[in-house]
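Right, one structure below, let's go through it.
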Amino acid sequence: MSLSFKNIKLVLASGSPRRQQFFKDMGFEVLIRLKEIEEVYPPHMKGAEIPLYLSALKAKALMNDLAEDELLITSDTIVWNKGKALGKPKDKSEAISMLVSMSGGNHEVITAVCFSYKGQQSFCEQKTSVYFKELSEAEINYYVEQYQPYDKAGAYGIQEWIGLVGISHIEGSYNNVVGLPTHLVYSELKRLLGTPKFK
């Protein structure tokens, strides 16, 4: 079964296989369109301001190439821990440092999604609290070496080994921690384009 909006194509600007799979699982066919940008935000920004800014920045890079019948979806996820944003780790050392800082405590995973359509933009955002148990040095090293989580904000994937053994509970959307608040995305697409057709 697939879902579609009359004469409107969905364009997803994300190389994340997890986000691409979410759209497939929701029943939507999407065009993948990528453009490299420098993901830099003003230093005064905190919390949700950061992914909101970066999702809009990603959209700006592709807006001029958008056709009249295309809706562009861009998104960004950060981990907000102890008043600091954790993005994707640059290397093994940074990944280990991030996980050590989150061990035994809780942090927020914040995702913002930007929808660009016919010159207008709208946004949705989601926060999920994630609680880690105490992780040993050996456990952290094993996870980083085996899974190399360098493409993930905060250096971990909840759907991987560390989520199975190290996360005690979450408050909020599980899918958001994986990378996309799917329920909000679906609701916003319905608001913008109407109820999709079920084939």
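Does Phe23 satisfy the criteria of being of a type in the set (Phe, Trp, Tyr), more than 21 Å from Glu108 (Cα to Cα) and in contact with a Pro (Cβ under 8 Å, 6 or more places away or on another chain)?
no
Are any of the residues in region 135-153 within 20 Å of Ile50 (Cα to Cα) and free of Cβ contacts under 8 Å to residues at least 60 places away in the same chain?
The initial filter retains those residues of region 135-153 that are within 20 Å of Ile50 (Cα to Cα), namely 150-153.
From what's left, free of Cβ contacts under 8 Å to residues at least 60 places away in the same chain: none.
Checking region 135-153: not a single residue is within 20 Å of Ile50 (Cα to Cα) and free of Cβ contacts under 8 Å to residues at least 60 places away in the same chain.
State yes or no: is Asn81 at pLDDT 95 or above, over 29 Å from Lys9 (Cβ atoms) and surrounded by fewer than 16 Cβ atoms within 10 Å (Cβ to Cβ)? If you could, list the steps in order and put the result at the bottom.
Numbers: at pLDDT 95 or above: yes; over 29 Å from Lys9 (Cβ atoms): yes; surrounded by fewer than 16 Cβ atoms within 10 Å (Cβ to Cβ): no.
So Asn81 fails the test.
Out of the residues in region 9-61 that are β-branched (Val, Ile, Thr) and surrounded by fewer than 17 Cβ atoms within 10 Å (Cβ to Cβ), state the one that is nearest to Pro196 (Cα to Cα).
Step by step, filter region 9-61, then rank; the result is Ile32.
Go through region 160-181 and give me each residue that's within 17 Å of the chain's Cα centre (by Cα) and surrounded by 20 or more Cβ atoms within 10 Å (Cβ to Cβ).
If the condition is that a residue be within 17 Å of the chain's Cα centre (by Cα) and surrounded by 20 or more Cβ atoms within 10 Å (Cβ to Cβ), then Asn175, Asn176, Val177, Val178, Gly179, Leu180, Pro181 are the ones that fit.
Take region 145-159 and flag every residue that is of a type outside the set (Val, Ile, Thr) and assigned to a loop (DSSP other than H, G, I, E, B).
Gln148, Pro149, Tyr150, Asp151, Lys152, Tyr156, Gly157, Gln159
Only one of these conditions is not met by Tyr156: (1) under 20 Å from Phe22 (Cα atoms); (2) surrounded by 22 or more Cβ atoms within 10 Å (Cβ to Cβ); (3) over 16 Å from the mean Cα position of the chain (by Cα). Which number is it?
Of (1) under 20 Å from Phe22 (Cα atoms); (2) surrounded by 22 or more Cβ atoms within 10 Å (Cβ to Cβ); (3) over 16 Å from the mean Cα position of the chain (by Cα), only one is false for Tyr156: (3).
Quick check on my filter: what residues within region 160-186 are in contact (Cβ under 8 Å) with a residue 24 or more places away in the chain, assigned to a loop (DSSP other than H, G, I, E, B) and on the phi < 0 side of the Ramachandran plot?
Here is the first cut: in region 160-186, the ones in contact (Cβ under 8 Å) with a residue 24 or more places away in the chain are 162, 165-182, 184-186.
From what's left, assigned to a loop (DSSP other than H, G, I, E, B): 172-173, 179-181.
The answer is Ser173, Leu180, Pro181.
Let me confirm something: among Ile73, Ile78, which residue is within 21 Å of Glu171 (Cβ to Cβ) and in contact with a helix residue (DSSP H, G or I) (Cβ under 9 Å, 6 or more places away or on another chain)?
The unique qualifying residue is Ile78.
So for region 99-115 (the condition being free of Cβ contacts under 8 Å to residues at least 24 places away in the same chain, exposed (fewer than 15 other Cβ atoms within 10 Å of the Cβ) and not in a loop (DSSP other than H, G, I, E, B)), does at least one residue qualify?
no
The values are calculated or read from the model by the stated rules, or taken from the named source; none is laboratory data. Computed from a prediction, not measured in an experiment: that's the story for all the values here. Cβ: placed from backbone, ideal geometry, glycine included. Neighbour counts: every protein chain shown.
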